[in-house]
Amino acid sequence: MTQITLDIPGEAVPSQYSSPELLTQGIRLAAAIYWYARGEISQGKAAQLAGLNRKEFLEVLEREKVDVFLVDFDDLKQELARG
């Protein structure tokens, strides 16, 4: 397990993160969504990072309006060209 420590100015923390635990969960979820949306990690790894099961993570993606299935259009074009 990797452990990190962050120093975050209190005024930079949104009010809904009223405890260090809630802030930690929010940061983990934000990182999971960001890295998943960029194609850097799989749905399963993102769910694990967020501390959720895969179904819960998919529900979060829907709520946050993030595409559940990522498509690389260059890859798709190559696949279509192959027939």
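The values are calculated or read from the model by the stated rules, or taken from the named source; none is laboratory data. Predicted model, so just to flag it, every value in this text is computed and none were measured. Using ideal geometry, Cβ is built from the backbone for each residue, glycine included, and neighbour counts are taken over all protein chains shown.
Summary table
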quantity	calculated
Test: GLY51 is within 13 Å of the chain's Cα centre (by Cα), on the phi > 0 side of the Ramachandran plot and loosely packed, with under 13 Cβ neighbours inside 10 Å	no
In segment 26-80, the residues that are in contact (Cβ under 8 Å) with a residue 12 or more places away in the chain, of a type in the set (Gly, Ala, Ser) and assigned to a loop (DSSP other than H, G, I, E, B)	GLY39, GLY51
Test: residue in segment 67-81 that is among the acidic types (Asp, Glu), modelled with pLDDT of 95 or more and out of contact with any strand residue (DSSP E or B) (no Cβ under 6 Å at 6 or more places or on another chain)	no
Unique residue being out of contact with any Pro (no Cβ under 6 Å at 6 or more places or on another chain), among the hydroxyl-bearing types (Ser, Thr, Tyr) and loosely packed, with under 15 Cβ neighbours inside 10 Å when the list is TYR17, TYR34	TYR34
